[in-house]
Amino acid sequence: MKPAIILCTLNAKYIHASLGLRYLLANMARHGGEDLRATTVLREFTSARPVADIVDALLAELGEPEPDARQIIGFGVYIWNVRQTTEVVRQLKTRRPALKIILGGPEVSHEWEGQEIVQLADHLITGWGDVSFPKLCRALRHGPQPLMKVIPGEQAGLDEINLPYAEYSADDLAHRLLYVEASRGCPFKCEFCLSALDKTAWAFDPAQFLAALDGLYQRGARNFKFVDRTFNLKIDSSLQILEFFLEHLTPDLFLHFEVIPDHLPDRLKEMIARFPPGVLQFEIGIQTFNPEVQQRISRRQDNEKSCANVDWLVNHSHAHLHTDLIFGLPGETLESFGEGFDRLYALGADEIQLGVLKRLRGTPIARHSEKYGMIYDAQAPYTVLQTSAVDAAAMQRFTRLARYWDLLANSGRFKQSLPLLLASPSPFAAFLAF
């Protein structure tokens, strides 16, 4: 039997598996009426695949148009796939005009007016889609027909949402990163991040979440990437999750968490110290050490505590530390960024990821554009091209530096040579000169 509904997205790489679409799939049977789960399939492609191939595959999956039922494709749209997805939608609507196309995802949830992909599609759900997408599909198939093209997503309680982890296939478990989340949202208001629009963070029921983790583990899952913005926000919850994995330690277990740099109480340190090498990876978003810039972008961060915690993790734990800095923030100069880099480099983290600011749709960072001369690329991923503090040539120079930093430093291939290359009062200045 051919499906009536396809959930689709274009991932950056095959190894990525869409958590958002699996949430939608898991919730297609809820909220009364037809069991849409039985007639819904999930199909993922990579953004490198030719658009014509993707369109052919989707139409072949649906089969011939059905006169008695509406066929629907829902697309997850992100900053990394919006260009290719727009072309897929254009060709689908050209070849099968009656096909209903529904969009969702962060790239089309804000500032969607004028977006070509929104104009091409039939409906757009902004924000959360767990409840709203099944409701819209049911209305399209059985009526009454929805009157609005743009539908604000209904933010249901987390206890009303089916967890998605049973939707990971055996192939997913064997070959792909498994994304999981113990909570949604973020209480912080960093203006470059879409989470600045959240009012708070919401936690899933701990017992239900741990049971789902155990289900994945029993099926053979050993690679877990937590997408929580603030894994260590609520320490009791963090400890429960880490205790679960300590009880299930295997040589091939790997866990990735994003942690707040200035919030690492002793009882969490004690738990982290119990993990052997190769299991824990922490992504630590420093972003900037400049207090004026931090205040300007509403980022609350105790720099002294952050440094002390990174230093502790380097010297007293086996966690692999992936730290982040962002270049191009309003008012940040090349010199002040370099000072922050030198401070972070001295702590000895395993990786320093050098990112360039992107103006994500809907983020409050836009309020600084005029005052600080922020000029962004009009095309995704909307990278800053210059600011009043950093001209275009310096921005391009930094982009090259970031690429070579990945090749020489983050690759881990030059552990003996790199310290010689960076042996100067300022490692950043030395690498920039190199």
Legend entry - Checking GLU351 against (1) modelled with pLDDT of 95 or more; (2) within 23 Å of VAL108 (Cα to Cα); (3) of a type in the set (D, E, K, R); (4) crowded, with 17+ Cβ neighbours inside 10 Å, the condition it does not meet: (2)
Legend entry - ALA378, sole failed condition from (1) out of contact with any Leu (no Cβ under 9 Å at 6 or more places or on another chain); (2) among the aliphatic types (A, V, I, L, M); (3) assigned to a helix (DSSP H, G or I): (3)
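Test LEU329 against the stated conditions and say whether it is at pLDDT below 95 and either open to solvent by 20 Å² or more (accessible area, probe 1.4 Å) or in contact with a Ser or Thr (Cβ under 8 Å, 6 or more places away or on another chain) (or both). It would help to see each step written out before you state the result.
On the way: at pLDDT below 95: no; either open to solvent by 20 Å² or more (accessible area, probe 1.4 Å) or in contact with a Ser or Thr (Cβ under 8 Å, 6 or more places away or on another chain) (or both): yes.
Against the criterion (at pLDDT below 95 and either open to solvent by 20 Å² or more (accessible area, probe 1.4 Å) or in contact with a Ser or Thr (Cβ under 8 Å, 6 or more places away or on another chain) (or both)), LEU329 does not qualify.
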Inset, instruction - Scan the range 113-145 residue by residue and report those that are under 30 Å from SER183 (Cβ atoms) and among the acidic types (Asp, Glu). - result: ASP130
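Restricted to the range 142-155, and to residues that are at pLDDT 90 or above and part of a loop (DSSP other than H, G, I, E, B), which residue is surrounded by the fewest Cβ atoms within 10 Å (Cβ to Cβ)? Walk me through how you get there before you give the answer.
Of the residues in the range 142-155, the ones at pLDDT 90 or above are 148-155.
Then drop every residue that is not part of a loop (DSSP other than H, G, I, E, B), which leaves 148-149, 153-155.
Values: MET148: 9, LYS149: 11, GLY153: 18, GLU154: 15, GLN155: 17.
Restricting to residues being at pLDDT 90 or above and part of a loop (DSSP other than H, G, I, E, B), the top hit is MET148.
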Legend entry - Output for the range 334-348, where each listed residue is under 25 Å from LYS189 (Cβ atoms) and either open to solvent by 40 Å² or more (accessible area, probe 1.4 Å) or assigned to a loop (DSSP other than H, G, I, E, B) (or both): GLU339, ARG343
Inset, instruction - Report those strands (runs of 3 or more DSSP E) wholly inside the range 156-218 carrying at least 1 residues which are open to solvent by 40 Å² or more (accessible area, probe 1.4 Å). - result: 201-203
Legend entry - Answer residue from the range 112-160, given it is under 20 Å from ALA98 (Cβ atoms) and of a type in the set (Lys, Arg) and is nearest to the chain's Cα centre (by Cα) among those: LYS149
Legend entry - Exclusive hit being without any contact (Cβ under 8 Å) to a residue 60 or more places away in the chain and among the basic types (Lys, Arg), set LYS371, LYS358: LYS371
Legend entry - Cross-chain or 6+ apart pairs with Cβ under 9 Å, the range 183-203 first and under 14 Å from ARG361 (Cβ atoms), then aromatic (Phe, Trp, Tyr) and open to solvent by 20 Å² or more (accessible area, probe 1.4 Å): SER195/PHE188; ALA196/PHE188
Legend entry - Positions within the range 385-434 being of a type in the set (S, T, N, Q), under 15 Å from PHE327 (Cα atoms) and assigned to a helix (DSSP H, G or I), in sequence order: GLN396, THR399
Inset, instruction - Please determine, by comparing only the residues of the range 382-394 that are touching a residue at least 24 places away in the same chain (Cβ under 8 Å) and touching a helix residue (DSSP H, G or I) at 6+ places or on another chain (Cβ under 9 Å), which one is nearest to VAL82 (Cα to Cα). - result: THR383
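Being among the basic types (Lys, Arg) and buried (at least 19 other Cβ atoms within 10 Å of the Cβ) is the filter; apply it to the range 219-236 and report the residue that is nearest to the chain's Cα centre (by Cα).
ARG229
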Inset, instruction - Select from the range 290-324 the residues that are surrounded by 20 or more Cβ atoms within 10 Å (Cβ to Cβ) and within 22 Å of PHE254 (Cα to Cα) and list them in ascending order. - result: ASN309, VAL310, LEU313, ALA319, LEU321, THR323
Inset, instruction - Give the residues of the range 380-394 that are over 17 Å from CYS193 (Cβ atoms), of a type outside the set (Gly, Ala, Ser) and open to solvent by 40 Å² or more (accessible area, probe 1.4 Å), sorted by residue number. - result: LEU385, GLN386, ASP391
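The values are calculated or read from the model by the stated rules, or taken from the named source; none is laboratory data. The shown structure was predicted, so the numbers you read here are calculated from the model rather than taken from an experiment. Cβ coordinates were reconstructed from backbone atoms using ideal geometry, including for glycine residues, and neighbour counts include every protein chain displayed. What goes into the accessible areas is simple: the full protein's heavy atoms, side chains included, and nothing from ligands, DNA or RNA. Shrake-Rupley method; radii C 1.70, N 1.55, O 1.52, S 1.80 Å.
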